[in-house]
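What follows is one structure encoded as structure tokens, with my remarks underneath.
The values are calculated or read from the model by the stated rules, or taken from the named source; none is laboratory data. The shown structure was predicted, so the numbers you read here are calculated from the model rather than taken from an experiment. Here Cβ is always computed from backbone atoms with ideal geometry, including for glycine, and neighbour counts include all displayed protein chains. Just the protein is used for accessible areas: all its heavy atoms, side chains included, with ligands, DNA and RNA removed. Shrake-Rupley method; radii C 1.70, N 1.55, O 1.52, S 1.80 Å.
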Amino acid sequence: MYSEKVMDHFMNPRNVGEIEKAQAVGEVGNAKCGDIMKMYLQIENDVIVDVKFKTFGCGSAIATSSMATEMIKGKTVKEALQLTNKAVAEALDGLPPVKMHCSVLAEQAVKAAIYNYAKENNVHYEELEGFVPDEDHDHHDHEEEE
Amino acid sequence: MNRRVYFDYSATTPMKKEVLEEMLPFFNTDFGNPSSIHSYGRQGKTALDIARDKVAKTLNAKSEEIFFTGGGSEADNWAIKGAAFASRSKGNHIITTKIEHHAVLHTCEYLEKEGFEVTYLDVDQYGLIDMDDLKNAIKENTILITIMYANNEIGTIQPIKEIAHLAKEKNIIFHTDAVQAYGNEIIDVHELGVDLLSISAHKVYGPKGVGALYIRKGLRIHPLIHGGAQEKRRRAGTENIPGIVGFGKAAELAYENMEGHINKMETMRNRLIKEIMETIPYTKLNGHPTKRLPGNVNISFEFIEGESLLLSLDMVGIAASSGSACTSGSLDPSHVLMAIGLSHEIAHGSLRLTVGDFNTEEDVDYVIEKLPPIVDRLRQMSPLYEKVKGGNK
Amino acid sequence: MNRRVYFDYSATTPMKKEVLEEMLPFFNTDFGNPSSIHSYGRQGKTALDIARDKVAKTLNAKSEEIFFTGGGSEADNWAIKGAAFASRSKGNHIITTKIEHHAVLHTCEYLEKEGFEVTYLDVDQYGLIDMDDLKNAIKENTILITIMYANNEIGTIQPIKEIAHLAKEKNIIFHTDAVQAYGNEIIDVHELGVDLLSISAHKVYGPKGVGALYIRKGLRIHPLIHGGAQEKRRRAGTENIPGIVGFGKAAELAYENMEGHINKMETMRNRLIKEIMETIPYTKLNGHPTKRLPGNVNISFEFIEGESLLLSLDMVGIAASSGSACTSGSLDPSHVLMAIGLSHEIAHGSLRLTVGDFNTEEDVDYVIEKLPPIVDRLRQMSPLYEKVKGGNK
Ligand SMILES: Cc1ncc(COP(=O)(O)O)c(C=O)c1O
Ligand SMILES: Cc1ncc(COP(=O)(O)O)c(C=O)c1O
Ligand code: FES
Ligand code: FES
């Protein structure tokens, strides 16, 4: 059901852990499906120089967290804000339809971390307009037909 | 891949060699339709009768009380819809529990849309119903009680005899889903006093797509599948002779060595539970400590999620399950684990290991060796664990 | 016993060797429950997907329009009850024919008891419905038309495309029981425009106890078997993987060589009809001369009774049928033969020979040799024959 890339990122996740003095920390989740994702960003001169994550969730949640961290590492904050869940899923050679929402969580976790960073440092990113950090990211409406 | 060990016997079982051997001639040699009067048909008919006798014997039922179906789910649907629609003139109230298999639960929900009223009984932390709750739930218009014999996720065994006794006293039809109990418990329909009982072949080393419904002699229920005159006009469709023959053989084998089977299962189960609980912290055994299926282990591991646990186990060749295999298409936490009072998070981190006839003590060793580091690795990744361990990391 | 020849392929078929071979690994090696996420389960899931693709391809359907069932009867029951109950708010009138298989007929009769109204269309002497009758039968509240593709007793093939067209025009759901037509006719669900179509594996050299219902994408019908999330939540029950795999293979084989199969069947069928009708007096061919299944022979022999004919044939090793195999449990004359206007007596004296892939021209010779003296012997015993022949005897 999962691609080899998903299984690789699941079994050997990149960037697991915490950054003690992270400039940006974001946690998103939905206790209903059991997923919680936490992102730590170290930002220097608007560049994400390091990133770590911790995830309580399914195989797809862990793999997308891992892939998302790889995709934003070394990028500017603005570039990181362009990250979409689709891009993460594609980078993993796709996800089963019922598991697409897990990738949404990864996108949201990055955004939540940057949101907190922006708030604390009083910077404005137009990409974050309309973003609500503690929204219940429950996208479990992928139920198949009756 | 490394070693492969199967610990998911409650989801399905491999067919025993003797079962397959018994089935083979009926695929293309003695393949006749038992309704035909020629020799090919008569061969099928004879095989059908023998298989029916074998299954009946294991339940201490009469042969004419056994009706073959296309599986356990069909048997459950037939029993419940058949009894409900046949008794509609007497009332429209049905009693069941919150921890039934979906084949029962979704059937009851469907009946609610069709004008029936259903009471879903709570269970205690071990998954047992309270007999007083049941008594209180019974009303003037109660026509059917359907309560599973043993639960497929946590293995808890209900007081079926008591329930049947109460139902008889109140003149209410009683159905039990014995799909998981069959082959793992001595079941005597007459001693129990049940009216309807469902079983399924693929849970007892028989073929998939074959089941049976025991219908107490004299009880009328509507058919679910109308048509030809098969199964005494109560279940239409050309009989799946190879499948039914296989079911007969599997039933016979299961009952020949029931005691040995139960002992072996219990030994492996107990060792698994003991060693896992002792080695891994933050765990919880789900289900009843003693009133449980001989092969069922169900343990919650805090701070981790079931699917990642299953995938990690699969990577080292261990096949297990998280809640019911039938529900793994869904992302909702198991309704059974919720009903025994687990939180969403903990329900998600549950592991079901179900042992079977082909498991060995070495398989058990293998799980005991492989599981702890996997749980640890996932916990190290978990933001929830972090909070518990505090500055520990 | 002497030679044994099987001429009852419409009752059931032996499984092809290739079908059995394809099924074998799934009984005890790749035996996992496809709902499980471990490797055993994924093997099952993959096999299931492949089989579904194969069956879909033979009907020119999309894979997601194929739903596996426990046989043709279940598919018929599901289609009819499912569509009827799902459309009850729109109306309660159903149209079918007098010559349907019992799986359709008895389901319709059941629905009558549940508050539906059913029109049973007459057929002509060949077993064909009249399109004007059908048009006239349609009412404001008609929700479902169910008319079989090809008849199991007399082999007559209905104008399915025309019927489907009319149904679509009137916005009525159309189901066809294609259990007999499948494998013997090119069936293209999209070109036909049907909404629901039932098939069964054991009629096309596949396993017993497996069937499928084609459900046009977008059509909602109620499930018949509620429970687990299998078959996109529309048909519950652990999938019969070996059976479904066998069905997939059988479907593939049937369609690979459809033309050759049809030609071979027609040649044998035509020779049987010609020789029997020419050698034996007082006979009548039942069914349509050309719009009939390639393998179906149905002939009435005046003055004799079907069962004694079948028993006599069986004594010389010829397996045949008198009307539908499914009805042989009953003593009533075939409802199909009555519907085409035969008298009770003549209906009773009908013989169905259905040829199949394993028959040879030598088998045909054997029947042609053995049948006349048997018919003659029984006629000599018959008081009815005596009257006809007058002082002849
Ligand atoms: C026309 C027709 N419909 C339905 C059925 C029922 O199929 P099954 O025997 O697979 O239930 C049959 C054969 O028995 C049949 O010939
Ligand atoms: C308790 C229980 N009831 C019913 C079923 C359904 O049986 P089947 O898979 O044969 O339809 C199962 C297993 O899936 C079960 O565990
Ligand atoms: S994150 Fe919810 S199931 Fe994967
Ligand atoms: S005399 Fe035997 S069936 Fe009527």
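Odds and ends about this structure:
- Test for B:E185: is it in contact with a Pro (Cβ under 9 Å, 6 or more places away or on another chain), away from every other protein chain (no Cβ under 13 Å) and closer than 30 Å to B:E22 by Cα: yes
- Close pairs (8 angstrom Cβ cut-off, 6 or more residues apart or separate chains): more than 7 Å from every other protein chain (Cβ to nearest Cβ) in region C:9-24, buried (at least 24 other Cβ atoms within 10 Å of the Cβ) and among the hydroxyl-bearing types (S, T, Y) anywhere: C:Y9/C:T354; C:S10/C:S321; C:S10/C:T354; C:T13/C:Y205; C:K16/C:Y205; C:V19/C:Y205
- On inspection, C:T46 fails the criterion of being within 8 Å of chain B (Cβ to nearest Cβ) and away from ligand 2 (no atom under 16 Å from the Cβ).
- Filter pass, C:I299 being away from ligand 3 (no atom under 16 Å from the Cβ), part of a strand (DSSP E or B), surrounded by fewer than 24 Cβ atoms within 10 Å (Cβ to Cβ) and modelled with pLDDT of 95 or more: yes
- Scan region C:228-243 for residues that are basic (K, R) and either free of Cβ contacts under 8 Å to residues at least 12 places away in the same chain or at the interface with chain B (Cβ under 8 Å from one of its Cβ atoms) (or both) and the total you get is 1.
- Residue among B:N151, B:N171, B:N141, B:N136 that is more than 14 Å from chain C (Cβ to nearest Cβ), open to solvent by 30 Å² or more (accessible area, probe 1.4 Å) and in contact (Cβ under 8 Å) with a residue 40 or more places away in the chain: B:N141
- Within region C:260-271, the presence of at least one residue that is touching a Gly at 6+ places or on another chain (Cβ under 6 Å), in contact (Cβ under 8 Å) with a residue 60 or more places away in the chain and either open to solvent by 30 Å² or more (accessible area, probe 1.4 Å) or not basic (K, R) (or both) is confirmed.
- If you go through region B:345-382 and keep only what is in a strand (DSSP E or B) and either aliphatic (A, V, I, L, M) or within 14 Å of chain A (Cβ to nearest Cβ) (or both), you end up with B:S350, B:L351, B:L353.
- Options B:E278, B:E259, B:E266: the member that is within 19 Å of the chain's Cα centre (by Cα), acidic (D, E) and in a helix (DSSP H, G or I): B:E266
- Here A:E107 meets the list (1) within 14 Å of chain B (Cβ to nearest Cβ); (2) within 30 Å of B:S334 (Cβ to Cβ) almost entirely, failing just condition (1).
- Residue count for region A:20-71, restricted to those that are open to solvent by less than 20 Å² (accessible area, probe 1.4 Å) and away from chain B (no Cβ under 13 Å): 7
- If you go through region B:63-88 and pick out every residue that is under 23 Å from B:S10 (Cα atoms) and among the acidic types (D, E), you end up with 2.
- Residues being farther than 29 Å from B:A47 by Cβ and in contact (Cβ under 8 Å) with a residue 24 or more places away in the chain - total across region B:65-94: 13
- Check on C:I199, more than 9 Å from chain B (Cβ to nearest Cβ), aliphatic (A, V, I, L, M), within 15 Å of C:T58 (Cα to Cα) and open to solvent by less than 30 Å² (accessible area, probe 1.4 Å): yes
Listed here are the residues, each with its yes/no results for (1) in a strand (DSSP E or B); (2) at the interface with chain C (Cβ under 9 Å from one of its Cβ atoms); (3) within 14 Å of ligand 2 (Cβ to nearest atom).
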| position | (1), (2), (3) |
| --- | --- |
| B:A167 | no, no, no |
| B:G209 | no, yes, yes |
| B:K217 | no, no, no |
| B:H222 | no, yes, no |
| B:H226 | no, yes, no |
| B:V245 | no, no, no |
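- For region B:181-196, a residue qualifies if it is in a helix (DSSP H, G or I) and either open to solvent by less than 10 Å² (accessible area, probe 1.4 Å) or under 23 Å from B:K264 (Cβ atoms) (or both), and exactly one does: B:V189.
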